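To start, the structure itself, in structure tokens.
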């Protein structure tokens, strides 16, 4: 990666590629979002996959899963300026081969996102807000957390909580974390973009994290850098 000029989080990139956002958000931490507009062949042509990577790609039965997988690697190449290989540990936590960067990945519907940093641990979650999330809120909201009583904001507020907990789950290496029992999101008023604080409390740590969130159309993105 080169350069560190910051742009507004809402200054989305409009060009003939799928790159929607590429921004340094904090020191060396780079956030990228890809709008999946290409087909399989267009994305595949942008990469020089190794034999083992092609084997993984071909193991997916669903065509969109293949496109999603490719979009992440095309986005990573655009962000890093070179092709890097993503590997996973036993908890399905992604790493860059050679450990040149910390990385977190999320995708939903038509968007893929990556958060990259050389010196900081990172976590990101992106969700397309399509579900009636209130039906499953008891699985991840605990009694100490506060959700707005305004019906027009409740669904959005719940989605921010869910994405924040996913981002913390990722930044804490996906180890021994129950969303309801081990993560507490402190009270905040939901806006189109903002910040909040979350506590992870389990056998590995008791630690507070700052998270930021913003929206793109009907998507919510939440990320943390530590």
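Computed from the coordinates by the stated procedures, all read-outs in this text should not be read as laboratory data. Just so it is clear, the model here is predicted, and its values are computed rather than measured. All Cβ positions, even for glycine, are placed from backbone atoms using ideal geometry, and neighbour counts span all protein chains on display.
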(message) Sequence gap at least 6, Cα distance under 8 Å: using those rules, report the relative contact order of the chain to the nearest whole percent.
(response) 15 percent
(request) Round to a whole angstrom and tell me the spacing of the C-alpha centers of the range 193-207 and the range 26-89. (result) 30 Å
(message) Can you show me the helix-derived [θ] at 222 nm for the chain, built from DSSP H runs with n ≥ 4 at -39,500 (n - 2.57) apiece and divided by the number of residues, rounded to the nearest 500.
(response) -7500 deg cm²/dmol
(request) Between 60, 95, 179, find the one with the highest GNM mean-square fluctuation for the chain; connect C-alpha pairs within less than 10 Å. (result) 60
(request) Arrange the peptides 97-105, 150-158 so that the one whose residues have, on average, the most other Cβ atoms within 10 Å appears first. (result) 97-105, 150-158
(request) Kindly provide the Kirkwood hydrodynamic radius of the range 14-127 in Å, to one decimal, from all pairs of distinct alpha carbon atoms. (result) 14.4 Å
(request) Diagonalise the Cα gyration tensor of the chain and give the resulting equivalent ellipsoid semi-axes, square root of 5 times each eigenvalue, largest first, whole Å. (result) 29, 19, 18
(message) Over all directions, the average projected area of the alpha-carbon convex hull for the range 126-225 comes to how many nm²?
(response) 5.9 nm²
(request) Going by C-beta contacts inside 10 Å, put 69, 162 in order with the fewest on the left. (result) 69, 162
(message) From Cα pairs below 8 angstrom and at least 6 apart in sequence, can you work out the relative contact order of the range 19-120, rounded to a whole percent?
(response) 31 percent
